[in-house]
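Throughout, read-outs are computed from the coordinates displayed, never taken from laboratory work. Given the structure is predicted, the values throughout are model-derived calculations rather than measurements. Glycine gets a Cβ as well: all are built from the backbone with ideal geometry, and neighbour counts include every protein chain shown.
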Amino acid sequence: MKMAITTDNQTKENAEMRERLPSVPLRPGVYLFKDTSSRFLYVGKAANLRNRLRSYFGTPYGMMPKTRRLMQQAVDFEFVVTDSESEALILENTLIKRHRPPYNTRLRDDKTYPYIKIDPREEFPQVYFTRRVLNDGARYFGPFASTGSIRKTLDLLKKLFPYRSCTKTITGTDARPCLEYYIHRCVAPCVGYADQTSYREVIEQVLMFLEGKTGDVVRQLNRRMASAAENLEFEQAARIRDQMQAIERVNEEQKMVSLRSQDMDVVAMAQERNEAWVEAFFIRKGKLVGRDHFIMDGVQDEEEGKVIGTFIQQFYDRASFVPPLVVIQHEADETPLLTEWLSSRRGGPVSLHIPVRGEKRKLVSLVAENAAQGLSMSRIRRLAGQGALDTALAEVQEALSLPRLPNRIECYDISNISGTDAVGSMVVFQNGSPSKQHYRRFKIKTVDGPDDFAMMKEMLQRRFKRMAKQEGETPESETKPADDSWENVPDLILIDGGKGHLSAVQTVFMEMGISTDQVPLASLAKQEEEVFVPHSPDPMILPRNSQGLFLVQRVRDEAHRFAITYHQKLRSKRQTQSGLDTVQGIGPKRRKLLIQRFGSVQGIREATMEELTTVQGMTLALAQNIKEQL
């Protein structure tokens, strides 16, 4: 009854908002939805405010789930008219940062991102850590994702360049320099060892280094070293030489990622539930000079292009430098508008590029892989403490109505390409942590063609025959266990898949007389992270931020990784196998000699019997075998 009243009230509120639509102008602008407490729920921009707002009041069945939830809470809206879409884009970003609406995708803690600041107007400029970017003529570098990221950069700068780290007023009349001068970390302007001009050369080198112009820095230092040597200042020349070598070592460690000396950023992401991990690589003059990651909140039910577009909008609004090229993983929402806005921020043309092949495509894949690994490690860290693991196990037990705590979870997955090189994996988590000595891998032997259900059935049959101490195949193992893991009864069997995979395993249970009360069973479907259990037609949804969901996802992902690794190993072995591998009597040594003599399997095939017998160790009978089998 309470639900019906809420629905009626919401219908009334939506009807009242709908009645106001004719008074909304057909102009660009920004709109804001509010709830009953006047809290802002969502901020959006539009080229045509009336048309955009009208789309929120259509049939709910055509809406995204996130939009439906928004309209169930919204009771009022406001709008602000702008002169152009570009102005609406800027205003939308400002309002999102100010109000942090729960239904907007947004950078986490974006107000506190740190920067490096250098103010060239100072007589003896310092290198600052700051969280405020002002229009004050200073140079800013960032934003960095965390204080850890910026501290590492500042530590590196201080090792490479002898600028001052003190905050005292420089008069040049101090009695003696501090320790930093004696360890060659400062040129000591405080005692007059460096005047304003020579100190500014150091700061210029810092600026060039932060801009990725390490080659220019080295060339400048090289000239200074040569000048010092000509003036017989050999100690000074040696210090400059050591500084050059340190900078060159850093330069060598910066991976060359482009054959052309390009300035570009590469952005890719990994998304899961209400969180996305965005990885950014910063490339200057063709070299990777830095990388960082950022967390986006409020991404549930959002498409990748929307998340990437929002990141670009919010990150480059605060970035100290916009490169002429931003390489992205997915087509961003409103690409032309973003490109126009980025160009205005840079003061020159900017291109958003989605590569489909070549060097840049490989680079995007690398950044995307780093994003996926980062998101995975983030989830693992949340489960790192034993308290979190205990909570996760208890949540899984309660959600699945298990008779006991799932201290031993076994998870199974299948990997194949159109049925070829089909393998299965079994991973074991003991008390919430991987137990790798109990992992097992299976070659699928009785299934032809791409039938995942039949493959899953075969794998589980072989596993439970072992548990019942019946005869069965012996699968390869990653690490041989100290005890017979097959006899251990799992507290939960988890299947990577949906309802069909669950049914295939239930069939195995029935055939072998295993009760799901004895061995609880569940499957986890990737798309919506739905959990299916026997005797229930509808899936269960674990709370999106629960430790229990993190745990079963981690178990599922580990099974998938283990299966994929084994499948790739078998496929690679098959693809690199030559025709000689099947010839009886030809081992590695003779195979090597034959390849060295004739160059390839085709060359061996075309050789005469007499030519084959000239190879060391080859007999007429072996040559005949080769001819028959090749």
## Note on the structure
For the pair residue 516 and residue 241, the simple spin-label estimate (label points 7 Å beyond Cα toward Cβ) gives in nm 7.7 nm
### Message
Full-extension gain between residue 174 and residue 343, please, as 0.36 nm times their residue separation minus the C-alpha to C-alpha distance.
### Response
56.0 nm
### Task
For the range 59-144, go through all pairs of different Cα atoms, get the mean of 1/r, take its inverse, and jot down that Kirkwood value in Å.
16.6 Å
### Cβ-placed point charges (K, R +1; D, E -1), dipole of the range 402-572 about Cα centre in debye, nearest 20
380 debye
### Query
For residue 156 and residue 193, what does the FRET efficiency come to when R0 = 22 Å and r is the distance between their Cβ atoms, rounded to the nearest 0.05?
0.40
### Query
Label-point separation (nm) for residue 234 and residue 568, each offset 7 Å from Cα along Cα-to-Cβ?
5.5 nm
### Query
Mind listing P(r) for the range 34-188? All alpha-carbon pairs, 10 Å bins, whole percents.
9, 25, 23, 15, 13, 10, 5, 1
### Task
About the Cα centre of the chain, how large is the charge dipole given +1 on each Lys and Arg Cβ and -1 on each Asp and Glu Cβ? Please answer in debye to the nearest 20.
980 debye
### Task
Quick one: grab Rg to one decimal and Dmax as a whole number for the range 579-629, Cα atoms only, in Å.
9.2, 22
### Query
Which whole-number percentage describes the relative contact order of the chain, with Cα contacts under 8 Å and a sequence gap of 6 or more?
8 percent
### Query
Rg (Å, one decimal) plus Dmax (Å, integer) for the alpha carbons of the range 320-418?
22.2, 65
### Query
Calculated FRET efficiency, residue 84 and residue 443, Cβ-Cβ r, R0 56 Å, to nearest 0.05?
0.35
### Query
Which value does Rg/Rh take for the range 402-572 over its C-alpha atoms, Rh per Kirkwood?
0.93
### Rg/Rh for the range 2-104, where both radii come from Cα atoms and Rh is the Kirkwood radius
0.97
### Query
DSSP loop GluC sites (Glu not before Pro) in the range 75-169 with at most 15 other Cβ atoms within 10 Å of their Cβ, which ones?
122, 123
### Query
What is the gain in length, in nm to one decimal, between residue 600 and residue 359 on full extension, counting 0.36 nm per residue of separation less the C-alpha to C-alpha distance?
83.7 nm
### Query
What net charge is computed for the residues neighbouring residue 221, neighbours being all others with C-beta under 13 Å from the C-beta of residue 221, Lys and Arg scored +1, Asp and Glu -1?
+1
## Note on the structure
Rounded to whole angstroms and listed largest first, the alpha-carbon spread of the chain along its three principal axes comes to 89, 89, 48
### Query
Of all trypsin sites (Lys or Arg not before Pro) in the range 505-575, which ones are in loop regions per DSSP and have a Cβ with at most 14 other Cβ atoms within 10 Å?
526, 544
### Query
In the range 133-200, which trypsin sites (Lys or Arg not before Pro) are in a loop and have at most 13 other Cβ atoms within 10 Å, using DSSP for the loop call?
168
### Summary
One finds, for residue 487 and residue 530 with R0 = 22 angstrom and r their Cβ-Cβ distance, a FRET efficiency to the nearest 0.05 of 0.10
### Task
Can you tell me how much longer the chain between residue 208 and residue 98 gets when fully stretched, taken as 0.36 nm per residue apart minus their C-alpha distance, in nm with one decimal?
36.2 nm
### Query
Mean residue ellipticity at 222 nm from the helices of the chain, using -39,500 (n - 2.57) per DSSP H segment of n ≥ 4 over the full residue count, to the nearest 500 deg cm²/dmol?
-14000 deg cm²/dmol
